[in-house]
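In what follows, a structure is listed as structure tokens, so that the remarks can point back to it.
Any read-out appearing in this document is the output of simple, stated calculations on the displayed coordinates, not a laboratory observation. Everything quoted here is computed from the prediction, not taken from an experiment. Reconstructed Cβ throughout: ideal geometry from the backbone, glycine too, with neighbour counts over all protein chains shown.
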Amino acid sequence: MATPAEGAWADSSRDGTWGMKYKTKEEGGYSVLELEGDVDLSCSPDARKQILQCLEKGRHLLVDLSAVSYIDSSGVASLVEGYQTAKKRALKFGLVGVSIAAMNVLQLARLDKVFPIHSSVAERLQADG
Amino acid sequence: MQARLSPQSLLELRIPSKADRLCLVRVLVRRAAEEARCSKELTERLVVAVNEACMNVIQHAYKGNGDGEMVLEIINNGAQLVFRLKDFAEPVDLNKVKPRELEDIRPGGLGVHFIREIMDDWHLGHLEAGAGNILEMTKKIDGDPR
């Protein structure tokens with residue numbers, strides 16, 4: 001799947017009704033990847049690709065999960081891979097606006113204490129000082 | 001895809017081993033748990049566990065081959081929901097299917113952990129004559145069971 005223009009939604013769903021949409025924007029020195037919908041095995045490879053592409057460009061990355069209605073372990077694995085890749089490259093990585101559905105799964109995986117999590121991009125920028 | 005309802009069996013669903021079918025599984029599991037009067041919180045956790053079980057079949061039993069099939073049965077026995085998931089792939093090595101240590105932060109390997117955390121009981125075995133695998137998961141209904 002081609003990388004969408006900044007700020008434009010790309011559709012990772014099979015038929016446009018179920019699945020995941022995503023878009024990227026730049027804010028405060030970060031790339032912000034916004035995911036929307038169900039991040040499951042059918043579209044987590046796209047989420048992983050977008051996360052790694054941002055990091056390969058040497059950008060600090062925040063993943064916005066505020067519009068994620070469901071995430072499974074394959075989606076969580078994409079986030080873990082991003083977190084580890086960022087660490088290796090000395091880049092900043094974090095999650096923002098984590099939805100209740102996504103937080104429940106992160107807590108099940110005991111990853112809610114591993115990822116840097118903030119309520120919004122603005123809060124993260126404030127925390128960065 | 002075929003689905004049918006009966007008084008004891010809430011659902012029997014035959015689905016292809018394809019990732020893009022998981023969304024339908026989640027919708028139907030959610031509906032079955034609601035029908036059994038599970039709480040909203042438990043319903044969402046059951047959706048997670050069954051989705052992970054189906055993912056394991058797709059990724060590990062069928063190794064990503066979408067030509068396989070799996071059969072999900074959900075039974076309300078009055079006090080518990082029983083989820084039975086059969087596949088017809090090569091029998092898996094049962095010793096290799098176990099939850100991993102979460103202190104080891106790495107991608108993957110969380111599915112069995114989710115199932116263990118959410119379900120009261122789970123058991124993976126082989127179908128007769130090496131015909132495939134069967135996972136049975138049980139969870140007490142936390143609301144007002146029918």
*Restricting attention to the range B:1-89, which trypsin sites (Lys or Arg not before Pro) occupy a DSSP loop and are surrounded by at most 13 other Cβ atoms within 10 Å?*
B:K63
*asked:* Student exercise: in chain B, how many lysine pairs 8 or more apart or on different chains have Cα atoms under 26 Å apart?
replied: 17
*With point charges of +1 on the Cβ of Lys and Arg and -1 on the Cβ of Asp and Glu, referenced to the Cα centre of the protein assembly as shown, which listed residue (A:L52, B:N76, B:I141) lies farthest in the positive direction of the dipole?*
A:L52
*So, with +1 on the Cβ of K and R and -1 on the Cβ of D and E, and no other charges, what is the size of the charge dipole of the protein assembly as shown about its Cα centre, to the nearest 20 debye?*
300 debye
*Put +1 on the Cβ of every Lys and Arg and -1 on every Asp and Glu Cβ in chain A; which of A:Q107, A:V80, A:A122 then has its Cα farthest towards the positive end of the dipole?*
A:V80
*In sequence order, calculated HN-Hα J values of the range B:32-39 (Karplus, 6.51, -1.76, 1.60; Hz; x Gly/Pro)*: 5, 5, 5, 4, 7, 6, 6, 5
*Check: the range A:25-128 dipole with +1 on Lys, Arg Cβ and -1 on Asp, Glu Cβ, in debye*: 540 debye
*asked:* From the helices alone, meaning DSSP H stretches of at least four residues, give me the mean residue ellipticity at 222 nm for the protein assembly as shown, per-run term -39500 (n - 2.57), in deg cm²/dmol to the nearest 500.
replied: -9500 deg cm²/dmol
*Work out how far the C-alpha atoms of the protein assembly as shown reach from end to end along every principal axis, then list the three figures in whole Å, largest first.*
58, 40, 38
*Take the Cα coordinates of the range A:7-80, assign each an equal point scatterer, and use the Debye formula without solvent to give log10 I(q)/I(0) at q = 0.15 Å⁻¹.*
-0.43
*What does chain B give for Rg and for Dmax, in Å, if only its C-alpha atoms count?*
14.7, 44
_Dipole magnitude (debye, nearest 20) for chain B, charges at Cβ of Lys, Arg, Asp, Glu_ = 300 debye
*Which of the lysines could a cross-linker span from A:K87 if the Cα-Cα distance has to be under 28 Å and same-chain partners fewer than 8 positions apart are dropped?*
A:K21, A:K23, A:K25, A:K49, A:K57, A:K113
*Choice from B:P99, B:P16, B:P107 showing the highest fluctuation, given a GNM over chain B with Cα pairs closer than 10 Å*: B:P107
